[in-house]
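These notes are about the structure you will find just below.
The values are calculated or read from the model by the stated rules, or taken from the named source; none is laboratory data. These numbers come from a predicted model, not from an experiment. Cβ placement follows ideal geometry from the backbone for every residue including glycine, while neighbour counts extend to all protein chains displayed.
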Amino acid sequence: MASLRLQDIYKVYQSGVVAVTDFTLDIEDKEFIVFVGPSGCGKSTTLRMIAGLEEISDGELYIDGKLMNNVQPKDRDIAMVFQNYALYPHMTVYDNMAFGLKLRKKPKAEIDEKVKEAARILGLETYLQRKPKALSGGQRQRVALGRAIVREPKVFLLDEPLSNLDAKLRAQMRTEITKLHHRLATTFIYVTHDQVEAMTMGTRIVVMKDGFIQQVDAPQKLYDYPANLFVAGFIGTPQMNFFDAVLTSDAKGNVFVEFEGNKVALPKAKSDKIIDKNLYLNTGRPVVFGVRPEDFHDEEAFITNSKDTVINVRVDVVEKLGAETLLYCVFSNNEEEKAEDDGRVKSLVDSATQMIARVDSRSKTERDQVIDLGIDIMHSHLFDKESELTILEGEGTKAYVPVVELERRAQRAKEEAEKANAPKTPKFAFGKKKEKKAENETAATEEAKEESATNEE
């Protein structure tokens, strides 16, 4: 049982690489927090700093209100589950799970009780005398979890624990870990690059990119109210469709999105926010129009009732997945441009599909068919082309990091980059380097004084 606070955390390696920048987050007791983002975004590094396996370059880490920056990993009352299981091959399942307790000189009766209870929770009772080589991947993963459970730590740290499992087993283990969190009622911090895991497991999700926090909120709010283009594209499968667009209006005050030769009307709830901003309407200022695949509809009833949001497309590829069908489409408005081409064979990049629609599995649409698709415009998104930030933030003010905060972080990152290129001591120089530089400066000063005194003589 523990709450955590990460205040202005930075991680800078000796080479000058900044892995984590200005990471600030409050984690409540019993929360299931998920760090998600692409490879190299700093999520595992942040987890390792919480565990004490990586030194914090700057900032403060508190666990239950106690500063932990200089506390040894073994004294932080934290259990970590690694990606590669890290089981001892010569030990049985029982001994692997009991090892940490034996090191702490716990009584044998207590060790036996805790190991058997953890084995019961994880369904490992019949495997206690087996060695890891005789277990499946899922069973080994459960042993690694059991080794953490028996310690009864304040915080569980899980670093991509399911990445080595097959798809079916990963789905099973997701539910097992979620059940385990509810049963133990302890703080969990989970790292993954898989947004499906993040959406299904976390009470809150921290989306990261290039060492920066992009957005923090509950899964559904991240999905409904993304703060910027990155979050919008990262959360959701298949990812959101993005179109370069401009916003226009007519004499009646109706607001339209014009993109790819199409013109669709915005509902009043969205158009009023655009009018209030007075930055994009009829100015030619580029915006990005975002529509999720599931917000395209090919049902006749929907198209009839949403004539102002209908676009015409040609279906390039059809993927029937049983419960749903994915349509990979290109805009029919671009067919004339294709006809004017010189006839050369195009590369796969040139012929890339422009949008994806997710429709009902009973759809009769076939490849190369030209069809109408209606857009569920209430669930569409608009982003500033230059800053990549949402321009409809009023819909979910509490759902993401304020725009001002994101801009501040961007400016701070720019300043740090400029400092790094400047011929002076970096902000995060390590102690030994600072001491050595100070010694060199002192020696140089003394030499200069001696030389000056000699010249005077």
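Worth pointing out:
- One residue stands out among those in the stretch 271-306 that are under 27 Å from the mean Cα position of the chain (by Cα) and not hydrophobic (A, V, I, L, M, F, W, C): the one that is nearest to residue 385 (Cα to Cα), which is 286.
- Test: residue in the stretch 64-74 that is part of a helix (DSSP H, G or I) and within 29 Å of residue 198 (Cα to Cα): yes
- Filtered residues of the stretch 7-25 (kept if touching a residue at least 24 places away in the same chain (Cβ under 8 Å) and in a loop (DSSP other than H, G, I, E, B)): 14, 16
- Residue count for the stretch 91-107 satisfying the condition of being exposed (fewer than 15 other Cβ atoms within 10 Å of the Cβ) and in a helix (DSSP H, G or I): 2.
- Residue count for the stretch 308-325 under the criterion of being closer than 20 Å to residue 242 by Cβ, surrounded by fewer than 16 Cβ atoms within 10 Å (Cβ to Cβ) and of a type in the set (A, V, I, L, M, F, W, C): the result is 1.
- Taken over the stretch 158-203, the residue count meeting the criterion of being of a type in the set (Val, Ile, Thr), buried (at least 18 other Cβ atoms within 10 Å of the Cβ) and under 20 Å from the mean Cα position of the chain (by Cα) is 5.
- Test: residue in the stretch 269-281 that is out of contact with any Ser or Thr (no Cβ under 7 Å at 6 or more places or on another chain) and part of a strand (DSSP E or B): no
- Applying the criterion of being in a helix (DSSP H, G or I) and not hydrophobic (A, V, I, L, M, F, W, C) to the residues of the stretch 45-63, the residue that is surrounded by the most Cβ atoms within 10 Å (Cβ to Cβ) is 46.
- Members of the stretch 108-147 that are assigned to a loop (DSSP other than H, G, I, E, B), more than 23 Å from residue 171 (Cβ to Cβ) and under 36 Å from the mean Cα position of the chain (by Cα): 131
- The stretch 97-125 residues that are over 21 Å from residue 78 (Cα atoms), paired with ones that are of a type in the set (Lys, Arg) and assigned to a helix (DSSP H, G or I) (beta carbon under 8 Å, 6 or more apart): 123/142; 124/142; 125/116
- Matching residues in the stretch 215-266 - criterion: being surrounded by fewer than 17 Cβ atoms within 10 Å (Cβ to Cβ), in a helix (DSSP H, G or I) and either more than 27 Å from the chain's Cα centre (by Cα) or free of Cβ contacts under 8 Å to residues at least 60 places away in the same chain (or both): 220, 233
- Across the stretch 129-151, not a single residue is classified as in the same structural domain as residue 47 (by TED's automatic domain parsing), without any contact (Cβ under 8 Å) to a residue 24 or more places away in the chain, on the phi > 0 side of the Ramachandran plot and not polar (S, T, N, Q).
- Qualifying residue in the stretch 271-282 (condition: surrounded by 14 or more Cβ atoms within 10 Å (Cβ to Cβ), at pLDDT 90 or above and of a type in the set (Val, Ile, Thr)): no
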